[in-house]
Amino acid sequence: MTRKTIAALITFFLVSLLSTAAMATGHPQASGHSKADEKGPAILLVTFGTSIPSAQAAFANIDAQVKKAFPGMEVRWAYTSHIIRKKLAREGKLLDSPEVALAKLMDDGYSRVAVQSLHMIPGLEFHEIHTNAKRFEKMVGGFDKVFVAYPLLSSNDAMDTVVKILPAAMIPKERTPGDAVVLMGHGTHHTSDAIYSAMMYKFQNADPNIYVGTVEGHPTFDEVKALLVKKGIKKAYLLPFMSVAGDHARNDLAGDDPDSWKSMLTLAGIECVPVLKGVAEYNALVDLWIQNLKTAMKHLE
Ligand code: CO
């Protein structure tokens, strides 16, 4: 071996060592973008999804509000529900899962992403999105930064704000104080189900005729119904306490089947007035998700 060859080998060895070290320390250029040609940040809006076209009005509204709040920024959507994605695909509407949407953003050269969970509570779906989105940050060649913004009811302050804003935004003006307002939350077996009971407590403190019940958790419909009957309520406004007025709102809340909340309350002698608009159709409440997104943007700076 000549002296020249040995020098070349040593140089090669050193260069290899240095580049390995750069990778191991999670170099800020891991995504392969220099600051100059960097795109972004991008926004990924994540929801359970809905296949009901009129409920999609809520999503169209959020989309418009987000684009207004973040002009020129890339805004994309992902649905967590596999069933709804499959159903929509059969109609030719292709929607991505959060993971596929993140992979596409990565491929398209974005290095920072704010993921906004459009859920009401930080339940199972939120935690799954959080776990998976953060893995894209750790991936070699992945994003430099991913921040998952919070759902609507994620802190005591956020809950108090909703209690303050929701009545004026969502309850029909013709409702009198003697009329009950029943909010139908989704409910879950996840611990965050307790948020609905907390909201019931907070609403009751603000207005003793606003009630919160859930389809799949607590408080249950039976608990709410017992309170209405005990108070001698004659009329109740039924509102979905979910992002969209989808299947649960149309069938479980306001459907004509004997087991809907409307039918069961009517049977108990209470006149029911369903209001089929999701929380995300009211801009005063959409603003709260947008505030969370603004917080996320600060974390991406
Ligand atoms: Co459900």
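Every number here is computed from the coordinates shown, using simple stated rules; none is lab data. All of these numbers come straight from a predicted model, not from anything done at the bench. Backbone-built Cβ (ideal geometry, glycine too); neighbour counts: all protein chains shown.
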Original post:
If eta is 0.890 mPa s and T is 25 °C, what Stokes-Einstein diffusion coefficient results for the chain, Kirkwood Rh from Cα pairs, in µm²/s?
Top reply: 114 µm²/s
**OP:** Please list, or write none, the aspartates and glutamates whose alpha carbon is within less than 13 Å of the alpha carbon of LYS230, excluding same-chain residues fewer than 8 places away.
**Re:** ASP222
Original post:
If the cut-off is a Cα-Cα distance under 20 Å, which lysines reach LYS134, setting aside same-chain residues fewer than 8 apart in sequence?
Top reply: LYS39, LYS104, LYS145, LYS294, LYS298
Original post:
Rule-of-thumb check for the stretch 156-277: C-alpha Rg over 2.2 N^0.38 Å?
Top reply: 0.96
Subject >> Spin-label model distance (nm) - ALA268 vs LYS39, 7 Å beyond Cα toward Cβ >> reply: 5.3 nm
Original post:
Where in the stretch 133-163 is the amide nitrogen less than 19 Å from a point lying 7 Å along the Cα-to-Cβ axis of HIS82?
Top reply: 133
**OP:** Round to the nearest 0.05 the FRET efficiency obtained for LYS298 and ILE52 when R0 = 30 Å and r is the Cβ-Cβ distance.
**Re:** 0.30
Original post:
Karplus couplings for the stretch 98-112 from phi (6.51 cos²θ - 1.76 cosθ + 1.60, θ = phi - 60°), rounded to Hz, Gly and Pro as x?
Top reply: x, 5, 5, 4, 5, 4, 5, 4, 5, 4, 7, x, 7, 10, 9
Original post:
So for the pair LEU124, ASP222, with labels modelled 7 Å out along Cα→Cβ, what separation do we get in nm?
Top reply: 2.2 nm
Original post:
Is there a pair in LYS67/LYS262; LYS68/LYS93; LYS68/LYS173; LYS87/LYS138 whose C-alpha atoms are over 31 Å apart, and which pairs would that be?
Top reply: LYS67/LYS262; LYS87/LYS138
Original post:
How much FRET efficiency would the formula 1/(1 + (r/R0)^6) give for VAL229 and GLN204, where r is the Cβ-Cβ distance and R0 is 25 Å, rounded to 0.05?
Top reply: 0.95
Original post:
Calculated FRET efficiency, LYS134 and LYS164, Cβ-Cβ r, R0 30 Å, to nearest 0.05?
Top reply: 0.40
Original post:
trypsin sites (Lys or Arg not before Pro), restricted to the stretch 115-224: which are DSSP loop and have at most 15 other Cβ atoms within 10 Å?
Top reply: LYS173
